[in-house]
Amino acid sequence: MPAPPPALAMQHVVAAVANQVEAALDRELNQIEAETEADPELVALRQRRLAEWKQSAAERAKWRALGHGKLNEFDDEEALLEACRSSARVVGVFWRLQAVAETRPFQDALAAVLRSLAEQHLETRFWCAEATRFPSLCEQLGVSILPSIVLIQNQQRIRVIPGLDWWLVSSRDGPRFSSERFVRTLRRHRLIDCGSVTGSDRRDESSDSE
């Protein structure tokens, strides 16, 4: 018997995870409703909070089932396109796995930031891909400089940012990649929700003037 298409299989996984979360939270709600001697206002408040938690937990479970929570590496065009179609907020990077020596430290720093952000921001899908494996897609997106950051929202490309110059700051040891600036870029485009700054970039504001 042939295996189901990847998209259909993913839908089944998402539905199964969401159903498990919903069943567990329904049990919690039923327990609250059974507390007849409790303060009615307190019960109502707890019900509202549990309902909100239920919605949030189901959403997070769906995101994880889709592949959120980690930096996805793609070498297949259809899989990459499906990832961009199935998630509302997507941050991707086309790069060379074997970067030249002068850009390797910055690309390594970018990779570390993407992995950390993927863990912190389940609402967004993060991926990376070797540009040479996607020549036609890179041409369609206008990717000519590597690495290039691709920002996608609701299946629409909103920006392609070439190179890493946007996020380099001066320091006593020379230029370095600023995770704080990168986070600000993603927030500005509403690709991640507000949260803690990734990495140890609290010094960025002072570094800018060094």
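Nothing in this text is a laboratory measurement; each read-out follows from the coordinates by a stated rule. Since we're looking at a predicted model, the values are computed, not measured. Cβ coordinates were reconstructed from backbone atoms using ideal geometry, including for glycine residues, and neighbour counts include every protein chain displayed.
For region 71-207, report the % of Cα-Cα distances exceeding 23 Å.
Across region 71-207, Cα pairs with separations above 23 Å total 30 percent.
How do VAL90, VAL43 rank when sorted from fewest to most other Cβ atoms within 10 Å of their own Cβ? Before the final figure, lay out each step's value.
Values: VAL90 25, VAL43 16.
By the 10 Å Cβ count, ascending, the order reads VAL43, VAL90.
So if R0 is 35 Å, what FRET efficiency would ALA99 and GLN55 give, r being the distance between their Cβ atoms, rounded to the nearest 0.05? Intermediate results must be reported in sequence, preceding the final value.
Values: r = 42 Å, r/R0 = 1.19.
Working from the Cβ atoms, E equals 0.25.
What does the net charge come to around ALA111 if you take all other residues with beta carbon closer than 15 Å to its beta carbon, with K and R at +1 and D and E at -1?
Values: positive: LYS70, ARG96, ARG104, ARG115, ARG176; negative: GLU73, ASP108, GLU119, GLU130.
Local charge sum for ALA111: +1.
If I stretch the segment between GLU78 and ASP108 completely, what's the gain in nm (0.36 nm per residue apart, minus their alpha carbon distance), one decimal?
Using 0.36 nm per residue and subtracting the Cα-Cα distance, I get 8.2 nm.
Let me check against my output: what whole-number percent is the relative contact order of region 71-207, with C-alpha pairs under 8 Å and at least 6 apart? Could you put the intermediate results ahead of the total?
Working: 195 pairs, mean separation 38.1, N = 137.
With pairs under 8 Å counted, the relative contact order is 28 percent.
Which FRET efficiency value, to the nearest 0.05, do you get for GLN155 and VAL43 by plugging their Cβ-Cβ distance into 1/(1 + (r/R0)^6) with R0 = 45 Å?
Working: r = 42 Å, r/R0 = 0.93.
Working from the Cβ atoms, E equals 0.60.
Could you tell me what percent of the DSSP beta bridges with both partners in region 71-207 are antiparallel, to the nearest 5? Each step should come with its number before you reach the end.
Details: 14 of 24 bridges.
Given both bridge residues lie in region 71-207, the antiparallel proportion sits at roughly 60 percent.
When you count, for each residue, the other Cβ atoms within 10 Å and take the mean per peptide, how do 71-83, 113-125 rank with the highest first?
Working: 71-83: 15.5, 113-125: 19.5.
Ranked by mean Cβ neighbours within 10 Å, highest first: 113-125, 71-83.
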